[in-house]
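The values are calculated or read from the model by the stated rules, or taken from the named source; none is laboratory data. Everything quoted here is computed from the prediction, not taken from an experiment. Here the Cβ positions follow ideal geometry from the backbone for every residue, glycine too, while neighbour counts run over all protein chains shown.
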Amino acid sequence: MTTPGTTAESSKGPMPQGRVASLKNILPVLRMVWESGPGTVVANLVLRAIAALVPVAVLVVARWIVDDVVSTVAAHQGMSNRLWGLLALELSLAAVGGILGRAIMYFNVLLSERYTRHVSLQLMEHASRLDLATYEDPTFHDRMERARVQATDRIVMVEAIARFLQQTLTTVSLCVGILVFSPWLLVIIIVCLVPTALAEGQFGAQFYALRFRHTPMRRELDYLRQLGASRESAKELKIFGLSSYLMERYSRLSGKILDDMVAHFGRTFRSLSLLSIIGTLGYYGAYALAVYKAARGELTVGELTFLAGAIANANRTLQEMFSTAVGIADQSLYIHDMLAFFAVQPTLRSGPRALKVPRPIRQGFEFRDVTFTYPGRTEPVLQKASFLLNPGQRIALIGENGQGKTTIVKLLMRLYDPTEGQILLDGVDLREYDIEDLWHEVGVIFQDFARYEMTAAQNIAVGRIERRDNQVLIEEASHKSLANTVIDRLPGKYEQMLGRRFDGGVDLSGGEWQKIALARAYMRDAQLLILDEPTAALDARAELDVFNRFGELASGRMAVLISHRFSTVRMADRILVLKGGKIIEEGHHEQLVALGGSYATMYELQASRYR
């Protein structure tokens with residue numbers, strides 16, 4: 001049964017919530033990080049906790065060294081064993097700090113790779129479950145692009161959280177040391193840094209809003225870059241003289257983005273520069289107070305040394321802590337894009353009691369008053385369509401473009417559900433069946449078939465990917481589609497890389513690619529074969545060969561054929577003629593010609609070209 005869910009419309013809506021509200025988004029990401037490598041996370045946190053205490057430990061030892069030196073000089077005792085021991089201790093702490101820094105870097109890289117792998121697999125898995133309708137929503141593509149970019153980039157936020165915890169622990173330990181000597185020193189430092197932190201947070205939110213608004217423009221820029229420098233479009237760019245137009249369009253869009261960015265960062269620079277002066281005054285005010293106390297004899301030289309270092313480090317780590325916290329809050333805004341992508345759910349699902357497709361199918365498929373309207377449109381592309389597809393029968397769908405032929409195929413494979421009416425399989429509503437089991441029994445090639453930048457064998461094996469190691473099956477499918485006539489001429493035969501993306505790849509002509517794609521359909525050995533304009537890129541002789549072979553291979557199976565070539569559709573047992581989204585004629589070739597209707601008119605027009 002169909003389970004209601006969030007459709008592509010869910011991807012539309014206002015910009016995500018504000019910074020504070022978005023902090024709740026951090027927990028799901030932390031969960032993903034933990035899932036990607038618990039041991040790595042624990043090791044990273046433990047190392048950072050130890051590293052956080054090293055700075056204050058070094059300052060404490062430095063204080064002891066200075067006070068011991070002062071007392072030793074006053075007593076004319078020279079170098080003592082205690083001083084040698086303190087120097088050795090400080091050296092050890094410095095060495096440990098250096099080793100910890102390297103170890104943290106190592107675990108950062110390890111965690112980054114583990115997380116990127118984990119979240120990328122999750123994105124791919126979730127994207128594979130979404131409905132076809134979802135991908136046809138332009139707003140969804142904006143969301144998916146942001147999710148794709150931001151998902152892997154969020155490891156920066158995870159590292160920032162770990163760094164924030166380390167900075168917090170260091171800062172707290174330093175502040176405790178300062179507090180012991182004078183609470184006012186600590187108050188001065190904190191009060192002078194807060195305005196800068198708040199301002200950074202505000203500008204971060206504005207920058208995110210700016211990036212959000214730029215997403216559609218950046219996606220168009222990516223398209224223009226690809227269009228302006230791709231092999232597929234190079235010929236037309238030269239012949240039509242499109243390069244200048246594309247460059248002008250790219251320049252205008254990128255100029256708008258550049259102007260917005262310059263204006264934003266100009267405001268940021270002016271404001272934060274002024275506020276940084278306040279932070280500097282806070283640091284030197286606290287430092288001057290410590291010097292004043294030491295000059296009055298309220299502090300020893302060692303204590304002054306400790307406080308000077310603690311104030312400097314606390315001032316630095318407080319700024320870093322505020323900056324990191326603001327960065328984490330900013331990053332949490334971006335998490336919304338990833339979580340929103342994961343929140344988009346398919347509406348076409350198999351219910352918990354979904355049926356398996358009958359093997360063999362006994363009664364076939366029945367369209368019963370099926371009407372379908374694409375999401376976002378008001379006019380139906382298919383209206384009250386009714387027909388039968390019986391076992392072992394081959395039907396052809398013909399009509400002008402946009403009349404509903406490919407829509408019937410998509411409904412038959414349950415890539416969509418009807419807006420009205422029913423589709424039955426062996427008398428049972430198609431929605432009662434397990435959707436993946438249904439796809440398992442369908443072999444299909446669309447006119448806009450994919451060209452996989454893989455080996456020839458892998459290109460065919462995707463038709464039944466679980467049998468990808470069965471070379472015999474791959475070669476059988478290749479012979480059925482006549483793809484073997486292409487593959488046998490390739491230098492690497494079935495191991496030859498196809499396409500130009502990777503080194504050693506060989507590109508094919510449109511007709512050659514089409515034979516490879518046909519082999520995928522035969523690879524499935526399915527009960528239903530669907531060919532949507534399968535010979536559009538083939539010459540007349542190759543087309544005849546393919547369809548003679550198809551006629552043999554489709555024997556005993558259900559087959560649906562879409563073609564504009566009447567020489568091809570004549571082989572069908574029954575032909576459905578579509579116009580305006582309706583089935584206006586039905587019968588075999590001779591019946592429809594004798595009828596003298598739309599089919600006869602179209603057939604005569606096409607036949608006259610060859611007389």
Restricted to the stretch 249-279, and to residues that are touching a residue at least 12 places away in the same chain (Cβ under 8 Å) and over 33 Å from the mean Cα position of the chain (by Cα), which residue is nearest to residue 308 (Cα to Cα)?
279
Touching a residue at least 12 places away in the same chain (Cβ under 8 Å), touching a Pro at 6+ places or on another chain (Cβ under 9 Å) and buried (at least 18 other Cβ atoms within 10 Å of the Cβ) - does that describe any residue in the stretch 55-77?
no
If you scan the stretch 367-387, which residues turn out to be under 21 Å from residue 134 (Cα atoms) and either in a loop (DSSP other than H, G, I, E, B) or touching a helix residue (DSSP H, G or I) at 6+ places or on another chain (Cβ under 9 Å) (or both)?
372, 373, 374, 375, 376, 377, 378, 379, 380, 381, 382
Restricting to the stretch 100-119, count the residues that are over 12 Å from residue 47 (Cβ atoms) and either among the hydroxyl-bearing types (Ser, Thr, Tyr) or touching a Leu at 6+ places or on another chain (Cβ under 9 Å) (or both).
3
Could you tell me whether residue 455 is free of Cβ contacts under 8 Å to residues at least 60 places away in the same chain and touching a strand residue (DSSP E or B) at 6+ places or on another chain (Cβ under 9 Å)?
yes
Segments classed as helices (runs of 4 or more DSSP H), wholly inside the stretch 422-491, with at least 2 members that are surrounded by fewer than 16 Cβ atoms within 10 Å (Cβ to Cβ):
435-440, 471-481
Need at least 2 residues that are small (Gly, Ala, Ser), surrounded by fewer than 21 Cβ atoms within 10 Å (Cβ to Cβ) and over 43 Å from the mean Cα position of the chain (by Cα) per element, so show me which helices (runs of 4 or more DSSP H) inside the stretch 561-611 make the cut, counting only ones lying wholly within it.
598-608
Please verify whether residue 400 is closer than 19 Å to residue 599 by Cβ and in a loop (DSSP other than H, G, I, E, B), treating the condition exactly as stated.
yes
Pairs, first assigned by TED's automatic domain parsing to the domain that holds residue 477 in the stretch 495-518, second among the basic types (Lys, Arg), C-beta under 6 Å, six or more apart
507/500; 513/451
Test residue 306 against the criterion of being assigned to a helix (DSSP H, G or I), under 49 Å from the mean Cα position of the chain (by Cα) and assigned by TED's automatic domain parsing to the domain that holds residue 184, and give yes or no.
no
Output the number of the condition that residue 415 fails; it satisfies all remaining conditions of (1) surrounded by fewer than 19 Cβ atoms within 10 Å (Cβ to Cβ); (2) closer than 30 Å to residue 492 by Cα; (3) in contact with a helix residue (DSSP H, G or I) (Cβ under 7 Å, 6 or more places away or on another chain).
(2)
Within the stretch 492-526, track down each residue that is within 30 Å of residue 359 (Cα to Cα) and surrounded by fewer than 21 Cβ atoms within 10 Å (Cβ to Cβ).
524, 525, 526
Could you list, in sequence order, all residues of the stretch 388-403 that are on the phi > 0 side of the Ramachandran plot and in contact with a helix residue (DSSP H, G or I) (Cβ under 9 Å, 6 or more places away or on another chain)?
399
Residues of the stretch 455-467 satisfying the condition of being modelled with pLDDT of 85 or more and not small (Gly, Ala, Ser)
455, 458, 459, 460
Answer yes if at least one residue in the stretch 328-338 is at pLDDT 75 or above and of a type outside the set (A, V, I, L, M), and no otherwise.
no
Considering residues that are surrounded by 19 or more Cβ atoms within 10 Å (Cβ to Cβ) and farther than 14 Å from residue 182 by Cβ, the number found within the stretch 286-304 is 1
Mind checking whether some residue in the stretch 359-375 is at pLDDT 75 or above, of a type in the set (Val, Ile, Thr) and surrounded by fewer than 15 Cβ atoms within 10 Å (Cβ to Cβ)?
no
When you check residue 316 against the structure, is it at pLDDT 75 or above, more than 30 Å from residue 195 (Cα to Cα) and either assigned by TED's automatic domain parsing to the domain that holds residue 424 or in a helix (DSSP H, G or I) (or both), yes or no?
no
Give the residue, chosen from 299, 289, 258, that is in contact with a Phe, Trp or Tyr (Cβ under 9 Å, 6 or more places away or on another chain) and over 26 Å from residue 86 (Cβ atoms).
289
